[in-house]
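Structure record follows, encoded as C-alpha cells.
The values are calculated or read from the model by the stated rules, or taken from the named source; none is laboratory data. These numbers were taken from a predicted model, which means no experiment stands behind them. A quick note on method: Cβ atoms are made from the backbone with ideal geometry, for glycine too, and the neighbour counts reach across all protein chains shown.
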Amino acid sequence: MKTLNKAFYIILAFAATLGACKKDSTTSTTTTTGASATVTASGYGFDGANSGKFNSTKAGITQTTVAGLTTFTISAIIDGGNTSIGIVVLQKITTTGKITFSPTLSNGGITISKDYTKPADRTVNYTTDQNSTTVKGGGEINITKISGNSVEGTFYAVAHNSTGAEAYIEQGTFTGTIVQ
C-alpha cells in the first residue's frame, strides 16, 4: 500500500507539471508556466535496449506545497517524441545534497515513460518503486547547485514496469528555474 500511495503521488505530481505547459487557444503563442528547464541523459533505454541520448527543452521544475506536503518535481518530455522522465522528491529542496530512491523509501521516486500520454498504462511507465524477488528499482538525484530559484543537478535510475521489464537512465543532468 505504501508503494501504491507513493506511486500515485509521483504520477499525480508528474501529470500536474506536464499540464502546466499549455497552448493558448486564442493566440499562436505558448504559455510556459513550469517549462523553464533543460534535462539531458547520456543514455537511456527500455526492455534491454539502448535508446540513445535523452534531451529535453520541454522541461519544468516545480516546488509546491499542498495540504502540508511539499514536493519538488522535475518533468521532461524528450524533444520530438513522447518519452518522458519524471522525478518527484517528497520534501522541500533548499540546499545541495543527494537523495536516494528505492522501493523501501517513502521519499519520492523516478518514473521513465515510453509514452507520457498514457499515464495509467503501467506497462509503458517504469518506476523506481517496483520491487520483487527478481527486480529492484532505485536511483538518485544530486542537487549540485541551488541559488534562489535556480537549481542544477544530476540523476540516474533503474526502474521497472508492472511486468518487471527494466528501463534505465544514466548520467542525467538538469538545470533550470524552480516555479513555485
Next item on the list: Hey, could you check region 124-135 for residues that are free of Cβ contacts under 8 Å to residues at least 60 places away in the same chain and more than 24 Å from S56 (Cβ to Cβ) and say which is nearest to the chain's Cα centre (by Cα)?
Entry: V135
Check: Looking at region 89-107, is at least one residue buried (at least 23 other Cβ atoms within 10 Å of the Cβ), in contact (Cβ under 8 Å) with a residue 12 or more places away in the chain and within 10 Å of the chain's Cα centre (by Cα)?
Finding: no
Notebook entry, point to check: Taking S106, is it touching a helix residue (DSSP H, G or I) at 6+ places or on another chain (Cβ under 8 Å) and assigned to a strand (DSSP E or B)?
Noted result: no
Next item on the list: Would you mind finding the one in D121, D79 that is surrounded by fewer than 19 Cβ atoms within 10 Å (Cβ to Cβ), over 11 Å from the mean Cα position of the chain (by Cα) and without any contact (Cβ under 8 Å) to a residue 24 or more places away in the chain?
Entry: D121
Checklist line | Conditions (1) among the β-branched types (V, I, T); (2) modelled with pLDDT of 95 or more; (3) within 25 Å of T175 (Cβ to Cβ): number failed by T128 | finding: (2)
Next item on the list: Determine if region 30-37 includes at least one residue that is assigned to a strand (DSSP E or B) and either crowded, with 18+ Cβ neighbours inside 10 Å or at pLDDT 95 or above (or both).
Entry: yes
Item checked: Long-range neighbours under 7 Å by Cβ, at least six apart or interchain, first residue among the acidic types (D, E) within region 42-54, second part of a loop (DSSP other than H, G, I, E, B) -> D47/A165
Next item on the list: Residue by residue through region 143-165, note down the ones that are part of a strand (DSSP E or B) and within 17 Å of G86 (Cβ to Cβ).
Entry: I143, V151, G153, T154, F155, Y156, A157, V158, A159, H160
Check: On the given criteria, is I61 among the aliphatic types (A, V, I, L, M), modelled with pLDDT of 95 or more and more than 27 Å from S162 (Cβ to Cβ)?
Finding: yes
Margin query: Looking at (1) at pLDDT below 95; (2) among the hydrophobic types (A, V, I, L, M, F, W, C); (3) not in a loop (DSSP other than H, G, I, E, B), which one does I74 not meet, given that it meets all the others?
Written below: (1)
Next item on the list: Go through region 157-180 and give me each residue that's buried (at least 19 other Cβ atoms within 10 Å of the Cβ) and more than 19 Å from G60 (Cβ to Cβ).
Entry: V158, A159, H160, N161, A167, Y168
Margin query: Give me the residue from region 124-140 that is part of a loop (DSSP other than H, G, I, E, B) and touching a His at 6+ places or on another chain (Cβ under 7 Å) and, out of that set, surrounded by the fewest Cβ atoms within 10 Å (Cβ to Cβ).
Written below: V135
Next item on the list: Kindly indicate whether K53 is at pLDDT below 95, exposed (fewer than 15 other Cβ atoms within 10 Å of the Cβ) and on the phi < 0 side of the Ramachandran plot.
Entry: no
